[in-house]
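The values are calculated or read from the model by the stated rules, or taken from the named source; none is laboratory data. Predicted model only: the values in this text are computed from it and were never measured. Glycine gets a Cβ as well: all are built from the backbone with ideal geometry, and neighbour counts include every protein chain shown. Protein only, heavy atoms only, side chains kept; ligands, DNA and RNA dropped before computing areas. Shrake-Rupley method; radii C 1.70, N 1.55, O 1.52, S 1.80 Å.
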Amino acid sequence: MGNNKFSSEKDIERWLVERINNCELYDLIKNKEDSLSIGNSKNINFVPNFSFDYLSRKKNIEASNNVLETLKLLEIISVDLSVSLHKGEILRPDIVCYNPEKRVFVIFEIKRDKLTERQALTELYAYEQEIRNILPFIGNSEIQTVLISKDWDTLLEHAVSNYNSWSNKNCLALAINEITSKNNFELSLKTPNSWFIRGISELPQESYQTLDLFINGEFEEDNYLPLKVATFVNIITKYCDRNDIHGFLMVWQDHSPLNKGNWVITFCSIDPLAIFHFCRALLHKPICKGFFSDIIFK
């Protein structure tokens, strides 16, 4: 670092605004090629599994790539202005931008102080909610966030990783460093990690909770999924997505003599406590002490 004292957030904000206005932000971010290459690599012979380590890292890389794709064409809407509709309430994201080509809003939050970086995700959630108040029914994919921090401690990494992996959000994590002269910075992509590696490549059988729904009706005899069944599946998946239900469903035809080709939807939800017991037994030692061991295992 070129200076003994890191520049203020206002200095970083002014530098960032200039980069956005000059359409330079995307090109300035280092290490993004690694994330893009991992996210875009597809092997038709690859069968994905339910490895926790794999899923967590995959979601963080996907979220980073989703945001990166929106940074090439941004229009600044506000800089350090309150987005709250309530008078007297101040909610001021550092920068709010809009990508007219992809119809996506991008919220930038800058943190250079360890004392304030713990508030970062709380503030981003609040800013996102205020945009939803202004634009009801806007989807998760239409609001993206960029968190720029000088320091990335464990708590901040865990918060961003959870935000992407389990809340189905899109947050780009960037580390910022000051170089050569004052008010000159470099940005590098950060892939947050919050998962304790268990070494488990698949879910235990006990964690699958399944239910079969048999659909009776007259359907044309072909290999295509009927429109009514497809619509029903779409409604179910949207409901599960809104309620953060972890699992999957399968649609198949039952050609047994009893059902004679009727369509079936198999629902499967994942029981986290069954996974916990499996991990604990596999490692032959308690995963946690205190509250969980007292409450869950008694």
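Just a few scattered comments:
- Dipole magnitude for the stretch 104-154: computed about the Cα centre from +1 point charges on Lys and Arg Cβ and -1 point charges on Asp and Glu Cβ, it is near 80 debye.
- Heavy-atom accessible area with a 1.4 Å probe sorts ARG132, ARG14, largest first, into ARG14, ARG132.
- Cα-Cα over 23 Å, subset of LYS32/LYS59; LYS238/LYS260; LYS58/LYS228; LYS58/LYS111: LYS238/LYS260; LYS58/LYS228; LYS58/LYS111
- Close amide H partners of ILE77, meaning residues 5 or more places away or on another chain with modelled amide H under 5 Å apart, are VAL96, CYS97, TYR98.
- Accessible-area value, THR122, 1.4 Å probe, nucleic acids and ligands omitted, Å²: 100
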